[in-house]
Amino acid sequence: MHFMTALKAAWQQRNSLLCVGLDPDPAKFPAHLASRPQAIFEFCRDIVDATADLACAFKPQIAYFAARRAEDQLEALIEHIHTHHPAVPVILDAKRGDIGSTAEQYAVEAFERFRADAITVNPYMGRDSVEPYLAYGDKGVILLCRTSNPGGSDLQFLDVGAPGRQERLYERVARLVAEEWNASGNCGLVVGATFPAEIARVRELTGEVPLLVPGIGAQGGDIAATVQAGRTMDGCGLMINSSRAILYAGQGEDFAAAARRVAQDTRDAINACR
Ligand SMILES: O=C(O)c1cc(=O)[nH]c(=O)n1[C@@H]1O[C@H](COP(=O)(O)O)[C@@H](O)[C@H]1O
């Protein structure tokens, strides 16, 4: 199924704009999991099973798996999501960016090895570096635009407009994606919840393009401001990600139930503003 079709169905059927981020850090796992060889998979699986009905997407962050030689556990996790929660699309957060020939390999890795439904991509090497992902017309390509971190302003806020016409770099990315790269309707953009004014600007520039919005929860972004700035006319258009605030809500054997409570509260807080 086309990523956008799956995402729209998940928004509607689950009545949720919440993306549950899967950033498994064994140092923060409950003690009973610590010594288990498949701890990363088991931790994420339990979070997934406890939150799937509350989520419009899952977003595993590849670095947390690769850093611990646990790519096999990432494969198993995505397989688990597809098998047990097929209505919830999987966004592989890899933020790839490289020349076309290398990008082809990253696209194979994301879509054929890991079987992700979408991937995050860094667009700052230009169109040819993104084309190998766009060629998978039914997969989502979610491009960094205005990132949530403080240093995002160092480059993304530079004025690249013609003389007398200010245009920030992130605005150029948003415009390029909306006007040129999204010919197959499979693009999304990343805009941090920590910058609601820029969410509103990106929404203004891109019409209905879905926005992945990290930065609520641990990074302190404002839910109401995010939703008001980024929702589309039908009250959707957003995948609002929270990772650590959900994953590490509890420290004991009932960690998944604690994660569910925070996920539910977050989904409800988002819905209250739609
Ligand atoms: O692409 C991303 O997901 C992303 C972009 C961005 O601008 N900021 C950002 O925090 N992220 C990711 O979103 C997640 C945020 O995690 P928490 O701050 O724990 O909710 C991490 O996996 C980040 O890598």
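The values are calculated or read from the model by the stated rules, or taken from the named source; none is laboratory data. Only a predicted model underlies this, so the values are computations on that prediction, with no experimental measurement involved. Neighbour counts run over all protein chains shown; Cβ positions are idealised from the backbone, glycine included. To get the accessible areas, we keep the full protein, side chains included, count just its heavy atoms, and leave off ligands, DNA and RNA. Shrake-Rupley method; radii C 1.70, N 1.55, O 1.52, S 1.80 Å.
The lysines whose alpha-carbon is closer than 19 Å to the alpha-carbon of Lys8, local same-chain residues fewer than 8 away aside, are Lys59, Lys139.
Any idea how far apart Glu167 and Glu208 come out in nm if each label point goes 7 Å out from Cα toward Cβ? Simple spin-label model gives 2.5 nm for this pair. Relative contact order of region 179-274: 24 percent, from C-alpha pairs under 8 Å at least 6 residues apart in sequence. Length available on full extension from Glu79 to Ile99: 0.36 nm per residue minus the Cα-Cα distance, which gives 4.3 nm.
May I ask for the distance between the Cα centers of region 43-59 and region 202-274, given as a whole number of Å? Measuring centre to centre over Cα atoms gives 14 Å. In this simple spin-label approximation, Leu155 and Arg69 carry label points 7 Å from Cα along the Cα→Cβ vector, and these lie 3.2 nm apart.
If R0 equals 22 Å, the separation of the Cβ atoms of Tyr124 and Thr232 corresponds to a calculated FRET efficiency of about 0.25. The three principal axes of the Cα atoms in region 3-271 give end-to-end lengths of 61, 41, 34 Å, sorted in falling order.
Between Arg261 and Gln13, what is 0.36 nm times their sequence separation minus the Cα-Cα distance? Round to one decimal in nm. Length gained, Arg261 through Gln13: 87.3 nm.
All other residues whose Cβ lies under 11 angstrom from that of Phe3 are scored, Lys and Arg at +1 and Asp and Glu at -1, for a net of 0. Counting only protein heavy atoms and a probe of 1.4 Å, the accessible surface of region 2-134 is 47% carbon and sulfur.
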